[in-house]
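The values are calculated or read from the model by the stated rules, or taken from the named source; none is laboratory data. Not measured: the values here are computed from a predicted model. A quick note on method: Cβ atoms are made from the backbone with ideal geometry, for glycine too, and the neighbour counts reach across all protein chains shown.
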């Protein structure tokens, strides 16, 4: 991220912030989509995070840390959205995923479908850690900073999430095999 | 290991391909752009009135400017959210009055928007709130509409979205008092505010009594005076915690995480001197979500004041305790959905 651009936005330059939105908006939105799995919630979370960024930019100590700081803001915004959604609807709205799946010879597609089913059953905090590390590419330490949790918590959540995903995929595969034999 | 690497690769492929390419919709970028002129930026340096360091996740010790701005954004975003219907994201709209029940929340002036007034006997500058009834938070993360009656010589304070209140104003209007009442959304409690490895207690759908049990078990603090309370039909528990530990003992302090994901430190229990302080807590169950009211229920100088170099005074806030009790007695809680509770 261009330091000068961040510095201009820190001093209230709206055009500079518009440029920042253009540069990081897609990425933050894609993170929110994967954590929240709901297009409307993801849009709201991204808007919330970016307006938080605009508001608090003057307090950012190191402009070079803008990107890491933005991860923190989008994770917080996703948490708030997920929480708000739980309060009003009892659970997260999920993208439609119950349409019948036609078995494909390409096992890769089948695994993607199984991962999708399992991923949506994970809690938002577990999805967050998987997305930050295996989609964004953060280290455990960086993910911990973004989530505001100890590194140990990140590692334990990641361990649990991957274990759950693996077991879910394997269980689905066993089920499909038994159904095809029946 | 190879099998594991293969599985990780499948997970990463899935995440890359999930939903395909999802750029930020132009209407969202437009909505953000439209909000910029209406959204004040926080001050870069210490504001005209510094506040106690309650939120450890803020980039530096929180002055008023950033905190006030955070509440303003909550109001703005809340207004956007309530304009959303089932089929359309609300992010593209400009906040406007809504015919939904939530719109009734704006009838009382928000603390963040309260007019300033002179502080009698302290300063003629508008460094205090105009006395009156105000709504504590916006409508975003707050489980209920909270109103309080603010007397003269008190001032607005906010830690960020989901943690806000009023502090008494004293002669040191530049630095503030660090003494007052704070209203908090809480998503998780620490099992031990001084030991992050002790784990956390997720508060959703737990009763005030269960939350009290967690806080009463905090190792360095003593709970007393627990009793049931009810305001406007919302049940809760009132109790006091007393404690005083040094920063050396409690370096990684955290009492709870707000609904917005921010971490609240254990002020005023943690200080350089480790003097004991008593804080009154009121925990309410708002339809499964906790609301914690935290009142500096001690007469002596606050750790913030002594930290600012003021001499310790055992009765610095004795008179303010009466005012604070009146504020606590004035609390009204209303259903944010507009229905009867």
Just one listed residue, out of A:128, A:141, A:105, is in contact with a helix residue (DSSP H, G or I) (Cβ under 8 Å, 6 or more places away or on another chain) and at pLDDT below 85, and it is A:141
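Residue-by-condition table, conditions (1) part of a strand (DSSP E or B); (2) touching a helix residue (DSSP H, G or I) at 6+ places or on another chain (Cβ under 6 Å); (3) surrounded by fewer than 23 Cβ atoms within 10 Å (Cβ to Cβ):
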{"position": "B:117", "(1), (2), (3)": "yes, no, yes"}
{"position": "B:121", "(1), (2), (3)": "no, no, yes"}
{"position": "B:127", "(1), (2), (3)": "yes, no, yes"}
{"position": "B:176", "(1), (2), (3)": "no, no, no"}
{"position": "B:182", "(1), (2), (3)": "yes, no, no"}
{"position": "B:194", "(1), (2), (3)": "no, no, yes"}
If we ask which residues in the range B:221-230 are touching a residue at least 24 places away in the same chain (Cβ under 8 Å) and farther than 10 Å from residue B:241 by Cα, their number turns out to be 1
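Under the condition of being in contact with a strand residue (DSSP E or B) (Cβ under 6 Å, 6 or more places away or on another chain) and not in a strand (DSSP E or B), which residue from the range B:264-284 is farthest from residue B:142 (Cα to Cα)? Before you say what the answer is, go through the steps one by one.
Restricting attention to the range B:264-284, the residues satisfying the condition of being in contact with a strand residue (DSSP E or B) (Cβ under 6 Å, 6 or more places away or on another chain) are B:264, B:268-270, B:274, B:276, B:278-284.
Checking which are not in a strand (DSSP E or B) leaves us with B:268-269, B:274, B:276.
Working: B:268: 24, B:269: 25, B:274: 33, B:276: 31 Å.
In this case the residue turns out to be B:274.
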Residues of the range B:285-304 being within 14 Å of chain A (Cβ to nearest Cβ) and part of a strand (DSSP E or B), in sequence order, are B:285, B:286, B:289, B:290, B:291
Considering the range A:1-60, residues that are within 7 Å of chain B (Cβ to nearest Cβ) and not in a helix (DSSP H, G or I), and then whichever is modelled with the highest pLDDT, we arrive at A:12
